[in-house]
1. For the stretch 126-144, does any single residue satisfy the condition of being part of a helix (DSSP H, G or I), modelled with pLDDT of 95 or more and closer than 19 Å to Pro72 by Cβ?
2. If you check Leu69, Leu22, which single one turns out to be open to solvent by 40 Å² or more (accessible area, probe 1.4 Å) and free of Cβ contacts under 8 Å to residues at least 12 places away in the same chain?
3. What's the number of the condition Gly10 fails, among (1) in contact with a strand residue (DSSP E or B) (Cβ under 6 Å, 6 or more places away or on another chain); (2) open to solvent by less than 30 Å² (accessible area, probe 1.4 Å); (3) under 26 Å from Lys157 (Cα atoms)?
4. So, Ala78, is that one touching a helix residue (DSSP H, G or I) at 6+ places or on another chain (Cβ under 7 Å) and part of a helix (DSSP H, G or I) or not?
5. Go through the stretch 1-30 and give me each residue that's within 13 Å of the chain's Cα centre (by Cα) and modelled with pLDDT under 90.
6. Residue check, Val146 against (1) within 25 Å of Leu38 (Cβ to Cβ); (2) in contact with an Asp or Glu (Cβ under 8 Å, 6 or more places away or on another chain); (3) open to solvent by 50 Å² or more (accessible area, probe 1.4 Å), all met but one. Which one?
7. Among the numbered criteria (1) of a type in the set (A, V, I, L, M); (2) open to solvent by 10 Å² or more (accessible area, probe 1.4 Å); (3) within 21 Å of Ile107 (Cβ to Cβ), which single criterion is violated by Leu76?
8. I need the full set of residues from the stretch 100-123 which are part of a loop (DSSP other than H, G, I, E, B) and either at pLDDT 95 or above or basic (Lys, Arg) (or both), in order please.
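The values are calculated or read from the model by the stated rules, or taken from the named source; none is laboratory data. These numbers come from a predicted model, not from an experiment. Every residue, glycine as well, gets a Cβ built from its backbone with ideal geometry; the counts of neighbours run over all protein chains shown. Heads up: the accessible areas ignore ligands, DNA and RNA and are worked out on the full protein's heavy atoms, side chains in. Shrake-Rupley method; radii C 1.70, N 1.55, O 1.52, S 1.80 Å.
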Amino acid sequence: MEVTAIVIAGGLSSRMGQNKALLPLAGIPLIERLVRSLEQIAPRVVIVANDGAPYSYLHKEVVPDIYSLAGPLAGLHAGLAASGTEWNLVTACDMPFINAAVGQRLIDEAERHSNVSRGQEEELEAVIPLTSSGVLPLLSMYKRTVLASLETALQEKELRLVPWTKSLQAAYIPAQLLCEGTGTDEELLSFNMNRPGDYEEASRRYTSWLGRDFDRH
């Protein structure tokens, strides 16, 4: 299955106090490591950000939000609008423990479930990880056909991501299953960095995680 990888790097990072996508972990900016991981499994990686200058050194296409000040829903919309593939792997820039192995598992699950649903009245539109604390809509697979429902939500200013996903024909994959053989676990899969304390915690745990990271460099 050919996919486009979409990294949502937009946002003001107001709680972090600085651009969290550029915070280094093991000496490498978070977004750089994520992009390099996604390059291993997707022929095209698109970054969604309203200011592309900080990411120019990555030599990837950067697209801005079409709907301004509309949060991650707008970022997802912009990324899918720029995509040329039916299926898309979407990740947020602030999830430090995502690697190529996790992304590949998501792609494989989308392909498997898509084959099962093909020809049915309601074909699959999304594959979303499900953890013990909820879903991970910014670490998911989406068909480009969901753009229509995204447009509606944005125009009606219904900007909450999780309620929007409930309108989709989605397969929910238990995080424990998704993590098998990937070098990560459910807790790390859903870890994201919003505040300085989150960054400090990620920095403490990152080196040991790299020791079991299944990415190949």
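1. Yes.
2. Step by step, each of Leu69, Leu22 is checked, and only Leu69 is open to solvent by 40 Å² or more (accessible area, probe 1.4 Å) and free of Cβ contacts under 8 Å to residues at least 12 places away in the same chain.
3. (2)
4. no
5. Gly10
6. So the condition that Val146 fails would be (3).
7. (2)
8. Arg118
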